[in-house]
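Only the coordinates and a few stated rules stand behind these numbers; no lab work does. All figures in this text were calculated on a predicted structure; none of them were measured in a lab. Here the Cβ is made from the backbone with ideal geometry for all residues, glycine too, and neighbour counts use every protein chain on show.
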Amino acid sequence: MLTLCRLMVACMALCLHALTATAQTTDTPIQLLLQEHAEVLKKSSRKTIGPAIDALANSGLEDAQLVLERWQTKELWVNKDSGLFVFAEKKDSKTLALFDVAGGVAIGEAPKKAFKQLKPNSGIRGLIGAALVQFQLNSPDAETRATALTAIERDAEVSHLLALRGAIDSETDATLKTRKQRLERLLTIRFGQDDAERIAAIQSFAGDLGVDVRAALNPLVATTTDAAKTAPEGAMPVDLPPADAYALLVAEDLAPALVSHDTIRETLVANIDGTQIAGVQLASLNTDAARLAAYNTLADQGAAQPAVTEADIAATLKQFQFFQTYTNAPIAVAIAAQDALDAIETSVALNQTADLALDAISLASIYFLAAIGLAITFGVMGVINMAHGEFIMMGAYTGYVVQLIVPDYTLSIIVAIPAAFIVTFAAGVAMERLVIRWLYHRPLETLLATFGVSIALQQLAKNIFGTQARPLTAPGWLDGSWIINDVVSISYIRIAIFVLALLFLGLFLFVMNRTRLGLEVRAVTQNPRMASSMGINPDRINMLTFGFGSGIAGIAGVAIGLYAKVTSEMGTDYIVQSFMTVVVGGVGNIWGTLLGATMVGSLQKGIEWLNPSNSLAAQTYMILFIIFFIQFRPRGIIALKGRAAEA
Amino acid sequence: MSDIALNPPRKPFAARYPAMLVFIGILALFTLVVSVLAEGFGIGVISTSFVKTLGKTLCLCMVALAMDLVWGYCGILSLGHMAFFGIGGYAIGMWLMYARTEIIVTSSLANAPLPPTPAEISDGIASQIFGVVGASEFPPIWAFAHSFPLQLAAVVLVPGLLALVFGWLAFRSRVTGVYLSILTQAMTLALALFLFQNDSGLRGNNGLSGLQNLPGLDHIPQSTISIVFFWASALALGLAFIICSWVISGKFGSVIRAIRDDEARVRFLGYSVEAYKLFIFTFTAIIAAIAGALYYPQAGIINPAEIAPIASIYLAVWVAIGGRGKLYGAVIGAAFVSLLSTWFTGGQAPDINLGLFTIQWVDWWTILLGISFVAVTIFAPRGIGGLFDLISERRSPNRHGAALGPDAGALREQEADQ
C-alpha cells in the first residue's frame, strides 16, 4: 500500500515536472545569459561571482534588474535536472510557486526537492546591491533615484562611481542631475583612478562649504609621522618636541623605552632584600633621585634594564630624521586637497563670522527685549526695579497657563501676548502704588524693597508651579531653522524674537514721541513740579509708565519662554544682564539700550566663540569686561547731558 | 566761647560709644551661657548641631557688622560682601581639604613597600580632591594650600586685594549709588559663575567638602570642636565690634557718615572721598572674609551657590531689618533673621491651617521674609535697632522733629558736642 502511494506521488511529480518544463521558455536572452554563468552562480562564491554580476548588470536586458533583486532576496532557484533558473516562492514546506526569469510570469507549482535555492552570502548580496544601484539610478521613478543617491551619499563604494557616471546624462530632473554631478565629483575624489581626474575634481570644490566635501577631503590630507635614519625622497621633515620624538622612536622599536616612575618602583619592590635594596636602606627611598640611584645600582648588577638618561635621549634623537608622509593619497592629490581645504577654511571662517553675527544679533534682541522694560522704569523714571526679572517670569508663566487653556499653539501665543501684558501691567501698577510710590528719591531703598518683592514673587511662583521647568511650546510654523548654507543657519524662533524686538523698539518710540502719554512722561521725567503745574498728574503718569514698562517685561517673558524653559528662577538669569544692558547703553535713552544690548550680546557670543566649551566662563569674562567698560564710560555709551543727567 | 568748648578733651572711645560695652557684656554672657549648656564642656542641654548653628550665626553677625559699616555708615550698598565671605571660606577650606587628604593619602601610602616620594603624595592628594571634576593635577591656585599660615594670609589678602582693586576702579570713576550696587552684584555673579565651572580649579559646583573634619584632630569629638569654634566666632565678633565702633566713633567715623549723607560736599571740604570709601570697602571685605573663614569649617561644605548674588542680597536684608547705621542693629538683624529662617525652613514652625489651604512655612517663609522686608523698608527704615532709639529719644533733647535716619540724617547733636 505504502509503495503504491509513493509511486502515485512520484507519477504526479513527474507529470507536474513535465508541465513546468513545457511552460518555461528556455531560450529567453536572460535565461541564456544565466546559463552561460550557471557554474559560477551555483558555486556562489564571493571571489568568483564578480564576472557573473557584471555580465548581468551590463547586459542591457530589462529583466536583469529583476533577476538581481530576486537573487538578492534569495528567490532565485535552479532546477536540479534541467539546470534552468526560475524565481520561486515557498507555498508550503514542500511546494514552490514558480515564475519565469523572463518577465516574472507565474508558471505553476512544483515540489521543492526538484529545485536548488541559490543562497548568496552577505558579501555577494553587497555586490548585487552595488550592481542594482545602477538600475535604481536610472529608474523612471524620481523618488527611487533620490533614495539611491541618498544611499550612496551615506555609504559610497568604488562601484558606485561608474554606475553614477552612467546615470548622469540620462537624468531629466534638474535638481537630481545637479546632485548626481556633485556626488560624481565627490566619488571621483575618493575613488578616481588617476590623479589628474581626482585633482580636477578636488579643484572644482574650491570654496565649497558642504560638510560632505570636507568629509571627502579630510582623509586625503591625513599624515603619519615617521622616523628613519635617512628620510625617503619627497617626505616632509618635521620638528617634534624631544619627548614626542622619543616616544615615536619607542613606539617603532627604534629606541629603548624610558623607565617610568612606576617601573622603577615595581622593580625596586621586586628586589626588596629585607630592609634594603641593592645596599640602600628602604627608608631613604622617599625621593625620586634616591630611587633612581638605587635602580641604577640594580641595573649595574644586571637585575634591571638600564634607565635611559637625558644624554641617551639626545644622542638617539640625533641619529634619526623625522618626517611626515601622506597616508591616504598620492602626494599630488594630497597637496591639491590641502589647498582646497585651505580655501574652504577661509570661506568657512567667513561664513562662521556671519553665523556668529546672526547669533549675536539674536542674543542681543533677547537682551533688548528683557531690558526695554527696565529702560523705561530705570531709564525714564529712575526707579530701580529688581523685580523686573520676576515680571519676565510672570509673563512666561502667563503664557504657560494660557497654553493649558487654549490647546492650539498659534492661537495661544496670540492670546498669551496681550494676556501677559495685562497681567504684568496690573502687577506693575500694584507694585508702584503699594511700594515704589513711597520710595521716590530714595533709590537705594527702592532697590531693596523691590528685592523683597522679587524674593517673594519667586517663591510664590515656586509654590504655585513647582520647581520643575514648564514648557511654553512655540507653534509649529516657528519650528526649524532658516538654513542658508551648511554653516550659516538661524532658527525661526530667533528670527521671531528679533522681529518682536524691532516691533517693541517701534512701539516705544511711537509711545514716547507721538502720544500724549509719552509727552507727559517726558515732561514728568524732566521736571515733575513744572509738569504738575501744567496740569499733568505726575502720580498717574508714574503709575502708567511703571505699568507700561512692566507690561513689556511680561511680553518679553512670553518670547523668552518660547526658547528657554519657564522656571521660577528664569528672572534672575536676565536681571543682571538687563541692568548691564541699560547701564552700558546709557540710562534714559532707548538707542543707548539698543546699543548696549548689541554690545552685551555680541560680546557674549564672541567670548563664547573663543572658548566654545564654556558658556559660564563667557559670562564671567563678559561681566568683567563690562566692569572695565564702565571705567571709561561711567554713564554708558550714550550719556545724557545737561540737567537731565543729574535728575 | 572758650577753646575748651570748641575742642573739648576727647573722651576714651568706650565712653564715646557706650553701646559697645553693653554689647560686649551681652556677648560674653551669651558665650558663657552657651558654654555651660553645651555638650563640649558643659551640661549638654544644647545639642552639638545647635552649638554649630549658634557659632555660624555669630559669623553671620560679623559679616552683617561689616555690611553695616560699609552700607549703614558709608552709604555704599555693596552686594558683594557675601562674595568676600565666600572667598574667605574657600581660602581656609583649601587648606582644610588639602591637609586632611594629605593625612589620608600618607597613611594609605605608608602601607606601600617603599616610602612614598613627595610627588606620589601630591599626585595622590590631587586625584583624591579633583577626582570629582575629572582632573588629577593641582591647579596653580592650590600652590599654597599645603601651608596653613599662607592660606590664613590668603583669607585676608585675596578678598582684601580684590576689594582694593575693584573699589579703586569703581570709586575713581565715581560710580555711586545704585550703579555701584549693580556693579558689585555683577562682580559677585561673575565670581560665582567662574567658580561654577569645573575647570576653575575649585571643584566646580561640588565645592569644597568635609571641612568640619579638622586635619589631625580626628580624636577630638565634634562637641568639643564645635564649642571651640563657637568661642572663636564669639571672640572674632567681639573684636570686630570693638574695632568697628572705634572706627565709627572718631573723626574718621564722622567723615564716612558725611560721605554717606552728601558725598559732593565732603569732597568740596577737601577730603579724599575715594580714599575713605576705598578703605572702608576693603576693611569690611577683610572682616567679611575672616567671618567666612570661621563660618565654613562649622558648616562643613562650601560651594559656589553660597556666593551667588542672592546671598549678598539676604545680607542686605538682615542689616536693613536689624537697623542700618547702628552696629548692634546689624548684629541683631543677622541673628534674628537667620535664626528665624533656620527655624522656619527647618520645618519646626507649626503649619497654619486656613481650612481650605494650609500654610507650610517651609514654602511660605521666603514670601513672608520678602514682604516683611518691603514693610521694614517703607515703614520702619531704622529697623529693629530703631526700637532702641525710641528709648534714647525719650531722654535726649528735642531735635524739632528732624529725622536722623541713614539717608536724611545729618551730624548728630551728640557728635557735635564731641
Dipole of the protein assembly as shown [Lys/Arg +1, Asp/Glu -1 at C-beta], most positive-end residue of A:GLN352, A:LEU268, B:PRO149 = B:PRO149
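Where Lys and Arg each count +1 and Asp and Glu each count -1, what net charge lies around A:ARG185 among other residues with Cβ under 12 Å from its Cβ?
Local net charge: +2.
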In what sequence, highest mean first, do A:441-447, B:75-81, A:144-150 appear when ranked by Cβ atoms within 10 angstrom?
-> B:75-81, A:441-447, A:144-150
Based on the Kirkwood radius over alpha-carbon pairs, what is the Stokes-Einstein translational diffusion coefficient of the protein assembly as shown at 20 °C with 1.002 mPa s viscosity, in µm²/s?
-> 58
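Can you sort A:THR172, B:THR366 by how many other beta carbons sit within 10 Å, fewest first?
Ascending number of Cβ neighbours within 10 Å: A:THR172, B:THR366.
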Classify segment A:412-546 as rounded, prolate or oblate, taking a ≥ b ≥ c as the square roots of the eigenvalues of its Cα gyration tensor: rounded when a/c is under 1.5, otherwise prolate if a/b is larger than b/c and oblate if not.
-> oblate
FRET efficiency (A:MET530, B:ALA349; Cβ distance; R0 51 Å; to 0.05) is 0.45
Length-normalised contact order for chain B - Cα pairs under 8 Å, 6+ apart - percent = 29
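What's the ranking of A:622-635, A:540-553, B:186-199 by average number of surrounding C-beta atoms within 10 Å, highest first?
So the peptides A:622-635, A:540-553, B:186-199, ranked by packing, come out A:540-553, B:186-199, A:622-635.
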Would you kindly give the portion of the calculated P(r) for segment A:175-278 that falls above 25 Å, as a percent of all Cα pairs?
-> 56
Local electrostatic count at A:ARG154 - Lys and Arg +1, Asp and Glu -1, tallied over other residues with Cβ under 14 Å | -2
Tell me the label-point distance for the pair A:LEU32, A:ALA270, using the 7 Å Cα-to-Cβ offset, in nm and rounded to one decimal.
-> 7.7
Using only alpha carbon pairs under 8 Å that are at least six residues apart, calculate the relative contact order of chain A and give it in whole percent.
-> 13
Fewest to most neighbouring Cβ within 10 Å: what's the order for A:SER578, B:SER107, B:SER338?
-> B:SER107, B:SER338, A:SER578
Partner shielding of B:108-116, taken as the mean number of other chain Cβ atoms within 10 Å, equals 4
Along the charge dipole of segment A:363-646, which of A:SER568, A:ALA456, A:VAL488 sits closest to the positive end, that is, farthest toward it, with unit charges on the beta carbon of Lys, Arg, Asp and Glu (+1, +1, -1, -1)?
-> A:ALA456
Calc'd 3J(HN,Hα), segment A:489-506, phi into Karplus 6.51 cos²θ - 1.76 cosθ + 1.60 (θ = phi - 60°), Hz, glycine/Pro = x, comes to 8, 8, 6, 5, 4, 5, 4, 4, 5, 4, 4, 4, 4, 4, 4, 5, 4, x
Listing A:LYS80, A:LYS180, A:LYS91 by rising number of other beta-carbon atoms within 10 angstrom, fewest first, gives A:LYS80, A:LYS91, A:LYS180
